[in-house]
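The values are calculated or read from the model by the stated rules, or taken from the named source; none is laboratory data. The structure displayed is predicted, hence computed values, not measured ones. Every residue, glycine among them, receives a Cβ derived from its backbone with ideal geometry; neighbour counts consider all protein chains shown.
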Amino acid sequence: MPGGEPTNDQIAGVLERIADLLAAQDANRFRVQAYRDGAKTVQAADRSIADLVLAGDEGALEALPHIGEGIARVINSYVRTGRSQMLEQLQGEVAPGQLFTQVPGIGDELAQRIADRLDVSTLEELEQTAHDGRLERLEGFGPTKVRNVRVSLAGMLSTAAWRTRRRAAGAQEPEGQPDVATLLDVDAEYRRKAEAGELRKIAPKRFNPERKAWLPILETKRQGWDFTALYSNTKRAHELDKTHDWVVLYFEREGEEDQATVVTETRGPLEGKRVVRGREAECQDYYQRRGEGG
């Protein structure tokens, strides 16, 4: 393809885009999820997927998790031609703006307005408008609504893809992050208020066929950071019945953004305690200073 072989991120982006368009058509949710899972497999691969294809090793490609015969054909076509016939067909079938109605709070009228006036056609492009100020200047969107769109899209789009897009846009990873004491404090406030029914609830589109408004959302500030907290609405959280245990925290300060997940530890010295994933050692020090063991 022009410019050389496609990267794993580019291949994964095609699969994610197909999943988004299928979801906009209310396709079978298992089919939609298959493409999302395939995209995650491609992104996580420790070798070039394009190399596998160009070496003619179709067996190795289909042996990867979540890469069946159909998804393998899509990947093969994209690697060899730089195009995806399936993606192009779906783009022709989905009306401009229809894709954006997947985002909580965006109905048909607002979705069409986005497509017409902002000239965007993907969820990734919509996310960019929510960060660069264009969406907030559009009639029908204020600061609160834009922030909710950003939070929703962060949950809909994979973390790996989110980081890739930020790097591609020239964004730097935050030099500093909230300490674990702050993260655990926000987590505690969120769970306390969610249990007491004190928080506004949204109706996520994923894993919510009845469109119930069940997901509480908290917006708060700590030490100059703006936080948004909500329960995890991922496939894995639903599979393990952890949707009311795992809490995702999105935080932003001076244009720098990141996220963390807080869970109840199930084993080891921190068993039963709330911990920030990836920062377990800091959590252990935190609990020891508080005289709570660990």
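Here are the numbers for the structure shown:
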| read-out | value |
| --- | --- |
| Among residues of region 56-102, those that are crowded, with 16+ Cβ neighbours inside 10 Å, within 24 Å of residue 112 (Cα to Cα) and without any contact (Cβ under 8 Å) to a residue 60 or more places away in the chain, counted | 2 |
| Neighbours by Cβ (under 6 Å, 6+ apart or cross-chain): first from region 224-248, outside the structural domain of residue 187 (by TED's automatic domain parsing); second outside any strand (DSSP E or B) and crowded, with 17+ Cβ neighbours inside 10 Å | none |
| Breaking point among (1) within 16 Å of the chain's Cα centre (by Cα); (2) farther than 17 Å from residue 123 by Cβ, for residue 15 | (2) |
| Residue 51 under 20 Å from residue 6 (Cα atoms) and free of Cβ contacts under 8 Å to residues at least 60 places away in the same chain | yes |
| Of all residues making up region 58-75, the number that are outside any loop (DSSP other than H, G, I, E, B) and under 22 Å from residue 30 (Cβ atoms) | 9 |
| Filtered residue count, region 249-273, keeping only those that are of a type in the set (Asp, Glu) and in contact (Cβ under 8 Å) with a residue 60 or more places away in the chain | 3 |
| From the options 45, 111, residue that is assigned by TED's automatic domain parsing to the domain that holds residue 147, without any contact (Cβ under 8 Å) to a residue 40 or more places away in the chain and touching a helix residue (DSSP H, G or I) at 6+ places or on another chain (Cβ under 8 Å) | 111 |
| Boolean, residue 25 is of a type outside the set (D, E, K, R) and under 24 Å from residue 204 (Cα atoms) | yes |
| Any pair with Cβ under 8 angstrom, 6 or more apart, that starts in region 8-26 at a residue that is more than 16 Å from residue 73 (Cα to Cα) and ends at one that is aromatic (Phe, Trp, Tyr) and part of a helix (DSSP H, G or I) | 22/35 |
| Which numbered condition residue 27 fails, given (1) out of contact with any Leu (no Cβ under 6 Å at 6 or more places or on another chain); (2) buried (at least 18 other Cβ atoms within 10 Å of the Cβ); (3) among the aliphatic types (A, V, I, L, M); (4) within 24 Å of residue 234 (Cα to Cα) | (2) |
